[in-house]
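Visitor: Here it is: the structure, laid out below.
The values are calculated or read from the model by the stated rules, or taken from the named source; none is laboratory data. This is a predicted model, so every value here is computed, not measured. For neighbour counting, all protein chains shown are included, and Cβ atoms are generated from backbone atoms with ideal geometry for every residue, glycine included. Keep in mind that these areas ignore ligands, DNA and RNA; they rest on the heavy atoms of the full protein, side chains included. Shrake-Rupley method; radii C 1.70, N 1.55, O 1.52, S 1.80 Å.
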Amino acid sequence: MTESTAALVPEIELEQISMQYPAAFSDVLALQDVSLSIAKGEFVSLLGPSGCGKTTLLRIMADLIQPTGGRIEVAGKSAKEARLAQRYGIVFQNPVLYDWRKVKQNITLPLELKGVKKSEREARAMELLELVGLQKFADQYPWQLSGGMQQRVAIARALAMEPEILLMDEPFSALDEFSRERLNEELLSIWSKVGNTIVFVTHNISEAVFLSDRVFVLSPHPGRLSAVAEISLPRPRTKEMRNSEAFFRLIAQIRDSFEGV
Amino acid sequence: MNELSGLSRLRFLPAFLWAVALIALWEIASWLLLEVLQVPMAQSKLPYIHEIVSTFGQYGNTLANEGWVTLTNAALGFALGAAAGASLAVLMSASKWMERLAFPYAVASQMVPILGLAPIVYGIVRDEQAARIIIAAYITFFPVSLNMLRGLRSAHPYALELMHSYAAKPWTIYWKLRFPASLPGLFSGLKIAAPLAVTGAILVELMGAQHGIGVIMLRNLYYGPSHTYMFWSTVIVGALLGVLSYLIIGWIERLAAPWQPEFRSKGGGR
Ligand SMILES: Nc1ncnc2c1ncn2[C@@H]1O[C@H](COP(=O)(O)OP(=O)(O)OP(=O)(O)O)[C@@H](O)[C@H]1O
Ligand SMILES: [Mg+2]
């Protein structure tokens with residue numbers, strides 16, 4: 001951990017987190033001794049090849065599964081308390097939309113649970129649908145949308161209540177390159193407005209570099225934290241930076257850290 | 001528009017031809033039995049359809065009135081049974097303990113032959129209306145309960161995780177996730193049970209009642225060959241009531257849960 005981030009208030013702290021799924025045949029751990037600290041308001045990425053435990057780590061942070069070893073704290077309390085205080089917004093690796101709700105009603109679901117007024121909910125949903133470019137599909141059922149469109153609905157739903165901690169599991173992996181880059185920029189602008197903490201899972205190096213303050217590189221078998229890359233590109237990030245020397249250098253540096261594995 | 005109606009007419013053409021062919025075949029067979037082979041009581045075995053149709057014309061009112069009595073009683077019992085079955089499913093889905101307690105009895109209840117149960121119930125309540133309703137409810141209860149339970153359990157683990165991530169209360173999870181997810185199961189239970197409830201009501205009527213399609217069915221059976229066409233008419237009304245109950249449930253399902261895969265238009269979507 002570098003000094004600049006250590007000085008900030010830690011939002012999520014993992015200490016020696018291990019995860020062994022009960023059904024696993026071999027004794028390969030899904031996660032082994034992962035320790036990291038994420039500051040409040042920080043944007044971090046978890047980067048690694050398929051099966052290295054990214055989703056597992058995210059689900060531990062979200063208190064959806066309990067680690068078999070180690071300790072996790074969210075804002076000084078347990079992850080469970082953070083979940084019960086409704087501080088999380090999650091974009092799962094699959095869209096997880098409810099079949100019986102139209103697109104708009106899927107987005108208003110978290111707002112309903114929070115008791116937001118109907119007119120306000122609907123207005124908010126329309127705003128978000130516009131953000132993800134789906135305002136024309138508000139009254140369609142999820143199955144009438146393509147996979148990438150469904151995933152955008154899931155993103156809009158996670159953003160609906162402006163969560164303090166946003167956990168995103170490969171949210172843009174089902175999208176084409178153009179939408180992905182546009183939504184990368186949109187996500188950063190939302191983040192700078194809301195000021196929430198974002199943990200972003202991806203296996204796309206340039207996406208991780210473009211978005212993050214720091215990139216945690218994970219390696220498989222067992223899932224371990226193998227490197228941490230500090231992304232020193234200035235904020236706000238712009239399209240032009242994607243072509244900058246510094247950008248490519250960072251990508252190369254992270255790619256090298258993979259080859260060291 | 002023209003093209004569309006033409007298409008839909010074409011769609012029903014095979015079904016229509018089948019029906020015509022079947023009726024023709026039936027009439028011919030009926031004639032063979034009666035006039036050529038001279039089988040005893042030929043009309044009781046395979047009556048002329050045109051005679052039945054004319055009986056319908058003559059006694060349409062009686063058939064409709066008695067059929068209505070049967071249908072309303074069956075419907076009331078069906079509604080009660082469905083409510084009880086759905087409630088038990090909710091209890092069983094909420095607690096394993098409750099399921100272990102109630103499930104064996106629910107299964108055992110299905111082992112009791114209705115034919116034996118109906119006179120017992122009638123002997124206890126001594127009221128044809130009540131007995132009909134109870135038997136219809138009894139028959140409805142099990143398929144609804146079982147299918148609803150499966151439906152309540154069918155909520156996808158990811159969908160449940162989403163609710164957990166919002167720290168949703170158990171009641172909210174039921175209301176917003178488990179109930180909607182259970183609708184397909186509930187409706188398949190209801191669709192199995194609806195015709196059975198009608199059959200159950202008719203069965204009670206056969207045991208002795210004043211009104212209902214089962215009553216005139218039995219009466220015309222006693223009167224013998226001279227009332228064959230009326231007897232057949234009552235059987236057909238009974239069958240139609242079963243079909244009608246099924247169609248009504250199917251129609252309600254389309255309104256209540258139109259999002260199900262089987263209602264999705266083909267060719268579109270993904
Ligand atoms: N529910 C589970 N039961 C048993 N093993 C599991 C379970 N979930 C994940 N695993 C195992 O844990 C390891 C890490 O899985 P995880 O889903 O966290 O990977 P990932 O990094 O998210 O991969 P991907 O990029 O493909 O999504 C894998 O080897 C997987 O087989
Ligand atoms: Mg994953």
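Visitor: For the charge dipole of region B:58-264, defined by +1 on Lys and Arg C-beta atoms and -1 on Asp and Glu C-beta atoms about the Cα centroid, which residue among B:A194, B:A256, B:T72 has the Cα displaced farthest towards the positive pole?
Guide: It is B:A256, whose Cα lies furthest towards the positive end.
Visitor: Can you pull out the trypsin sites (Lys or Arg not before Pro) in region A:109-191 whose DSSP state is coil and whose Cβ has at most 11 other Cβ atoms within 10 Å?
Guide: Those satisfying the criteria are A:K117.
Visitor: Next question, about the same structure. Checking the table A:K54/A:K104; A:K117/B:K191; A:K239/B:K176; A:K104/B:K96; A:K40/A:K136; A:K80/A:K136 against a 32 Å threshold on Cα-Cα, which pairs fail?
Guide: Result: A:K117/B:K191; A:K239/B:K176; A:K104/B:K96; A:K40/A:K136; A:K80/A:K136 exceed 32 Å.
Visitor: So, one more: Show me, for region B:237-243, the HN-Hα J-couplings you get by feeding each phi into the Karplus relation (A = 6.51, B = -1.76, C = 1.60, θ = phi - 60°), rounded to Hz, glycine and proline as x.
Guide: So the Karplus estimates, Gly and Pro as x, are 4, x, 5, 4, 4, x, 4 Hz.
Visitor: Quick one: putting +1 on the C-beta of Lys and Arg, -1 on the C-beta of Asp and Glu, what dipole do you get for chain A around its Cα centre, in Debye to the nearest 20?
Guide: Details: 30 positive and 33 negative charges, 155 e Å.
Its charge dipole is roughly 740 debye.
Visitor: Then there's this: Calculate how steeply helix B:49-94 sits against the longest principal axis of the alpha-carbon atoms of chain B, using the helix alpha-carbon long axis, and give the answer as 0 to 90 degrees to the nearest 10.
Guide: The two axes meet at around 20 degrees.
Visitor: Among A:S146, A:S226, A:S35, which one moves the most in a GNM of chain A with springs linking Cα atoms closer than 10 Å?
Guide: A:S146
Visitor: Rank A:D176, A:D213 by accessible area, highest first, at a 1.4 Å probe radius?
Guide: If we order A:D176, A:D213 from most to least accessible, we get A:D176, A:D213.
Visitor: Need one number: nm distance between label points at B:Q110 and A:Q135, each 7 Å from Cα along Cα→Cβ, rounded to one decimal.
Guide: Going by the 7 Å Cα→Cβ label model, 5.3 nm.
Visitor: P(r) tail for the protein assembly as shown, what percent of Cα pairs lie past 44 Å?
Guide: Roughly 40 percent, rounded to a whole number.
Visitor: Right, next: Carbon and sulfur together cover what percent of the accessible area of chain A at a 1.4 Å probe radius?
Guide: 51 percent
Visitor: Springs between alpha-carbon pairs under 10 angstrom, Gaussian network model over chain B: which of B:S93, B:S54, B:S233 fluctuates most?
Guide: Comparing B:S93, B:S54, B:S233 in a Gaussian network model of chain B, the most mobile one is B:S54.
Visitor: Going by accessible area, probe 1.4 Å, with all protein chains left in place, what is the ranking of B:Y223, A:Y141, A:Y21, largest first?
Guide: From most exposed to least exposed: B:Y223, A:Y21, A:Y141.
Visitor: In nm, what is the difference between 0.36 nm times the number of residues separating B:I252 and B:V235 and their Cα-Cα distance? Walk me through the intermediate numbers first.
Guide: Details: separation 17, 0.36 × 17 = 6.12 nm, distance 2.61 nm.
Answer, rounded to one decimal: 3.5 nm.
Visitor: If you roll a 1.4 Å probe over chain B with all protein chains in place, what percent of the accessible area is carbon or sulfur?
Guide: 71 percent
Visitor: Kirkwood hydrodynamic radius, computed over distinct alpha-carbon pairs, for region B:58-264: how many Å, to one decimal?
Guide: 18.5 Å
Visitor: Still on this structure, please answer the following. What does the accessible area per residue of region B:58-264 come to in Å², with a 1.4 Å probe and no ligands, DNA or RNA counted?
Guide: Result: 49 Å² per residue.
Visitor: If you average the alpha carbon positions of region B:166-187 and of region B:97-153, how far apart do those two centres end up, in angstrom?
Guide: If we compute the Cα centre of each part, the gap is 25 Å.
Visitor: For region B:125-211, which trypsin sites (Lys or Arg not before Pro) are in a loop by DSSP, counting at most 14 other Cβ atoms within 10 Å?
Guide: Counting only loop positions with at most 14 other Cβ atoms within 10 Å, the trypsin sites (Lys or Arg not before Pro) in region B:125-211 are B:R126.
Visitor: Then there's this: Tabulate in residue order the Karplus-calculated ³J(HN,Hα) for region B:170-180, using 6.51 cos²θ - 1.76 cosθ + 1.60 with θ = phi - 60°, rounded to whole Hz; enter x for Gly and Pro.
Guide: My calculation for region B:170-180 gives x, 4, 4, 4, 5, 5, 9, 10, 5, 5, x Hz in order.
Visitor: Compute and list, largest first, the equivalent-ellipsoid semi-axes of region A:152-261 from the alpha carbon gyration tensor, each √(5λ) rounded to a whole angstrom.
Guide: Here the semi-axes work out to 23, 17, 13 Å.
Visitor: Per-residue ellipticity at 222 nm for chain B, helices alone: DSSP H runs ≥ 4 residues times -39500 (n - 2.57), over residue total, nearest 500 deg cm²/dmol? Working shown, then result.
Guide: Details: 11 runs with 213 residues, N = 270.
Value at 222 nm, helices only: -27000 deg cm²/dmol.
Visitor: Calculate I(q)/I(0) for chain A by the Debye formula, one identical point scatterer on each C-alpha and no solvent, and give its log10 at q = 0.07, 0.12, 0.14 Å⁻¹ to two decimals.
Guide: Result of the Debye calculation: -0.24, -0.73, -0.99.
Visitor: How big is the A-B contact in terms of buried accessible area, both chains counted, 1.4 Å probe, rounded to the nearest 100 Å²?
Guide: 2200 Å²
Visitor: Say we join alpha carbon atoms closer than 10 Å with springs in a Gaussian network model of chain B; which of B:P225, B:P184, B:P195 then has the biggest fluctuation?
Guide: Maximum among the listed residues: B:P225.
Visitor: Let me know the charge dipole size of region B:58-264 about its Cα centre in debye, to the nearest 20, where only the beta-carbon of Lys, Arg (+1) and Asp, Glu (-1) is charged. Please report the intermediate quantities before stating the final value.
Guide: Values: 13 positive and 8 negative charges, 120 e Å.
The dipole magnitude comes to about 580 debye.
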